[in-house]
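Read the structure below first, then the notes.
The values are calculated or read from the model by the stated rules, or taken from the named source; none is laboratory data. Small disclaimer: the values here were computed from a predicted structure and weren't measured. All Cβ positions, even for glycine, are placed from backbone atoms using ideal geometry, and neighbour counts span all protein chains on display.
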Amino acid sequence: MEVTHSIFDFVPTQKTYVTIGTFDGVHIGHQKIIKKLVEDAKANNKKSVVLTFFPHPRMVLQQDVSIQLINTIKERSKQLELLGLDYLIIHPFSKEFSRLTALDFVRDILVNKLNIDKLIIGYDHHFGKNREGNIEQLTEYSHLFDFKVEEIPAQDIDDVSVSSTKIRKALLNGELKTANKYLGYNFSLTGKVVTGEQLGSKIGFPTANISIPENYKLIPKTGAYVVKSTIDKQSFFGMMNIGNRPTVNGDHQTIEIHFFDFNLNIYKKEITVELLYFLRDEQRFNSVNDLKIQLEKDKQNSLLFLKSYASF
């Protein structure tokens, strides 16, 4: 997959099949659209193109700094690449770009820049200034500019309506099984290993603390999770705590992972942690010793879960 960071840098060598969207989460509904795009493009000797945007339009138009996205743009690219795309265009979203009329967008972007032969979109797709463009206008313009339009109906995407909003809500409620089911893969966090306060080491549970630089990345519900990470091409399992460490009067949220049977030095390394299972809510304990007892229970419960986990 070739990645281009502007529509205006994209130079198609042949006609393209295109789909457009934010695709936050690249969930099973998105995957259905993109797999169809890729298959249809190959079958007709065309190139498959996904046009997505960053920053998220809400960050620009509403200056919404509280927005929480399932994927960072890097994670989104990785998930899209797995679907066999030829091209991914990540166009910088701006107020100026949002002012393009539906006609301008179709003529100047889809036809003149992307050399479109077919547009495949999900149901209820809107585009252009004030989201004025819809399937009826697209169909009208497709006749004018000689390209095809195919809308995938809601019922063809999934029997249960899958949305990025539902997945975000599930993650914030600790409903990890539901979120991972809708995503079609395990939700993950990626960050650099940083120095913590070493409390874990003192009680026999050394942890890797990760710092996530993207402030828009959704952090799921506080609590303990069973996790998996691939480091130096080797899989490691462990348990992760997201929370404010109330037992030791913590004053900020941390993400700490204790890997089982692990002795690598990963300080300052960037690691990705897949969340497999939600163990329990964050708790405040009367003493550090009580915390240690609970961590032992968490470890046993994690190992019990991993016995039934296919990849362990």
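Ile293 - would you say it is among the β-branched types (Val, Ile, Thr), without any contact (Cβ under 8 Å) to a residue 24 or more places away in the chain and closer than 16 Å to Met239 by Cβ? Don't jump to the end; show me each part of the working.
On the way: among the β-branched types (Val, Ile, Thr): yes; without any contact (Cβ under 8 Å) to a residue 24 or more places away in the chain: yes; closer than 16 Å to Met239 by Cβ: yes.
Criteria met by Ile293.
Being assigned to a helix (DSSP H, G or I) and within 16 Å of Gly243 (Cβ to Cβ) is true for just one of Leu189, Leu171. Which residue is that?
Values: Leu189 fails: assigned to a helix (DSSP H, G or I).
Unique residue meeting the criteria: Leu171.
Kindly provide the set of residues from the range 258-271 that are farther than 14 Å from Val194 by Cα and of a type outside the set (Asp, Glu), ordered by number. Break it down stepwise before answering.
We begin by selecting, within the range 258-271, every residue farther than 14 Å from Val194 by Cα; these are 259-264.
Residues satisfying the conditions are Phe259, Phe260, Phe262, Asn263, Leu264.
Filter the range 153-206 down to residues that are exposed (fewer than 15 other Cβ atoms within 10 Å of the Cβ), at pLDDT 90 or above and among the basic types (Lys, Arg) and give me whichever is farthest from Leu279 (Cα to Cα).
Looking at residues that are exposed (fewer than 15 other Cβ atoms within 10 Å of the Cβ), at pLDDT 90 or above and among the basic types (Lys, Arg), I get Lys169.
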